[in-house]
Amino acid sequence: MLQLPAFDVAFARAQFPALVESWALFENAGGTLVPGQVIGRLNDYMTECQLQPAGAYGPSRDAAERISEAQRLMQEMMGAEADEVMVGPSTTMNVYLLAHALRPLFADGDEIVVTNLDHEANSGAWRRLAASGMIVREWRVEPDSAELEIETLASLLTDRTRLVCFSQCSNIAGGINDVMGITRLVHDAGGLVCVDGVAYAPHRHLDVKAWDVDFYLCSPYKIYGPHLGLLYSKRAHFLSVRAQNHFFIADSDIPLKLNPGGPNHELTAALTGIIDYFELLHRHHFGESHLPLHDRLGQLFALFAEHEERIAEPLVAFLQAHPKVRLIGRGTADQQQRAPTFSFQVAGRNSSEIPAAAAERGIAIGSGDFYAARLIDALGARDRGGVVRASMVHYNTAEEVARLIAVLDEVL
Ligand SMILES: Cc1ncc(COP(=O)(O)O)c(C=O)c1O
């Protein structure tokens with residue numbers, strides 16, 4: 001096991017032009033800031049080659065190369081193989097496209113399992129397939145723990161189960177689900193899995209091949225990048241799903257066949273800046289390395305996870321000890337168990353009051369249902385404004401967490 005160096009958070013923060021000391025950002029689960037490397041890549045593309053790509057003339061060839069390089073880097077980041085990752089507008093839109101592309105492969109009466117833990121992105125588009133004759137079953141969280149129990153899923157699987165859609169990490173409760181275990185169970189029952197990794201990907205190393213998932217989604221605007229969505233599909237599935245693009249785009253033309261309109265060029269080119277940033281951080285902490293990019297990212301994310309766990313510990317302790325607070329999900333900062341996304345309710349208060357009071361004191365947190373509306377209902381949290389959410393990433397500091405705790409102590 002590699003001995004991890006200490007994480008240099010000041011060095012990481014220095015890469016983000018929008019990070020200032022006067023306020024502390026704890027709404028990262030909604031969207032992260034971007035480092036200068038992403039802004040630079042976007043600016044370079046728009047300055048130097050914002051034209052129709054893949055022509056014979058210089059800047060056009062250059063544009064095509066930058067787009068395909070960015071796509072290749074995203075594929076490596078996810079641990080996928082060539083052409084298995086589609087860059088689309090958002091995770092919500094990518095799931096919508098995938099649902100349309102998969103439906104013709106299923107028969108009426110075939111079954112899909114969705115959860116009430118998920119953000120609606122990996123739920124609503126699948127539920128709508130009920131209108132076309134599919135049977136949709138709901139894998140429900142335990143209302144007290146906000147946990148999805150694998151035994152509950154086992155009882156929902158039948159010989160008609162074609163697909164199970166769930167999230168690797170809740171954007172509310174922060175708990176990390178056992179993707180490999182769930183995937184194995186579903187595969188053994190003859191189904192496929194579609195995993196929402198949006199709330200996981202900013203915090204942990206992605207490894208779609210090791211997990212053996214069929215479909216996997218994440219959103220770069222929560223991974224220090226531009227507002228886009230990434231969809232991974234195993235190659236065989238990508239080839240067999242129904243194309244959603246123009247009739248003359250070949251069925252074998254993956255990932256384009258699933259992406260009407262194609263990728264946004266300049267934002268796709270800007271994705272390379274995420275990897276520039278990760279490479280810089282990796283070199284700063286580990287020196288020159290000949291490991292493949294995917295392995296270097298594994299080392300870097302191990303560093304992020306250590307740092308996140310360490311800075312989250314005092315917040316968990318505070319929230320758990322506070323007599324008025326109901327913490328949603330696991331009462332730990334353990335990196336194996338959760339991402340550092342903490343949601344809670346405060347006795348006698350509407351959740352919307354807390355972010356407003358915190359904002360006056362230089363702290364950015366959020367409240368509401370964060371589009372995980374079914375979870376908020378299952379938790380009985382709807383009528384008091386949903387939950388308050390404080391979410392951190394690797395660029396947050398222990399000092400910021402101390403400020404957050406002091407402000408919460410004052411306003412709760
Ligand atoms: C867990 C999770 N899944 C999906 C989404 C939706 O992502 P997008 O905005 O790319 O559609 C979000 C956004 O908040 C999310 O937190």
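Structure notes:
- Any hit, the range 59-74, residues being surrounded by 13 or more Cβ atoms within 10 Å (Cβ to Cβ), in the same structural domain as PRO202 (by TED's automatic domain parsing) and within 16 Å of the ligand (Cβ to nearest atom): yes
- In the range 210-260, residue farthest from TYR395 (Cα to Cα) [restricted to those that are in contact with a strand residue (DSSP E or B) (Cβ under 9 Å, 6 or more places away or on another chain) and of a type in the set (Gly, Ala, Ser)]: SER233
Let's see how each residue does on (1) in a helix (DSSP H, G or I); (2) out of contact with any strand residue (DSSP E or B) (no Cβ under 6 Å at 6 or more places or on another chain); (3) under 16 Å from THR341 (Cβ atoms):
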| position | (1), (2), (3) |
| --- | --- |
| ARG137 | no, no, no |
| SER155 | yes, yes, no |
| ILE172 | no, no, yes |
| GLY181 | yes, yes, no |
| VAL186 | yes, no, no |
| ALA199 | no, no, yes |
| PRO202 | no, yes, yes |
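Conditions tested, residue by residue: (1) farther than 12 Å from THR115 by Cα; (2) in the same structural domain as LEU98 (by TED's automatic domain parsing); (3) touching a residue at least 40 places away in the same chain (Cβ under 8 Å).
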position: GLU138; (1), (2), (3): no, yes, no
position: ASP159; (1), (2), (3): yes, yes, no
position: ASN171; (1), (2), (3): yes, yes, yes
position: GLY174; (1), (2), (3): yes, yes, yes
position: ASN177; (1), (2), (3): yes, yes, no
position: HIS187; (1), (2), (3): yes, yes, no
position: VAL193; (1), (2), (3): yes, yes, no
position: ARG204; (1), (2), (3): yes, yes, yes
position: ASP207; (1), (2), (3): yes, yes, yes
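- The range 87-124 - residue that is more than 17 Å from CYS169 (Cβ to Cβ) and among the charged types (D, E, K, R) and, of those, farthest from the ligand (Cβ to nearest atom): ASP108
- Condition check for CYS169: within 16 Å of the ligand (Cβ to nearest atom), within 21 Å of PHE106 (Cβ to Cβ), surrounded by 21 or more Cβ atoms within 10 Å (Cβ to Cβ) and under 20 Å from the mean Cα position of the chain (by Cα): no
- Only one of SER352, SER343, SER367 that is of a type outside the set (A, V, I, L, M, F, W, C), away from the ligand (no atom under 16 Å from the Cβ) and under 25 Å from TYR221 (Cα atoms): SER352
- Each residue in the range 341-370 was checked for being surrounded by fewer than 18 Cβ atoms within 10 Å (Cβ to Cβ) and assigned to a loop (DSSP other than H, G, I, E, B), and 8 of them qualify.
- Residue satisfying all of: in the range 259-292; in contact with a His (Cβ under 9 Å, 6 or more places away or on another chain) and part of a helix (DSSP H, G or I); nearest to GLU81 (Cα to Cα) among these: LEU267
- The one condition in (1) within 16 Å of the ligand (Cβ to nearest atom); (2) under 18 Å from the mean Cα position of the chain (by Cα) that ASN264 fails to fulfil: (2)
- Candidate set: the range 211-227, residues that are part of a loop (DSSP other than H, G, I, E, B) and more than 8 Å from the ligand (Cβ to nearest atom); chosen: the one nearest to LEU98 (Cα to Cα): ASP214
- Residue in the range 79-86 that is within 16 Å of the ligand (Cβ to nearest atom), modelled with pLDDT of 95 or more and either in a helix (DSSP H, G or I) or not acidic (Asp, Glu) (or both) present: yes
The values are calculated or read from the model by the stated rules, or taken from the named source; none is laboratory data. For clarity, every value in this text was computed on a predicted model and none was experimentally measured. Cβ sites come from the backbone with ideal geometry, for glycine too, and all protein chains shown count toward neighbours.
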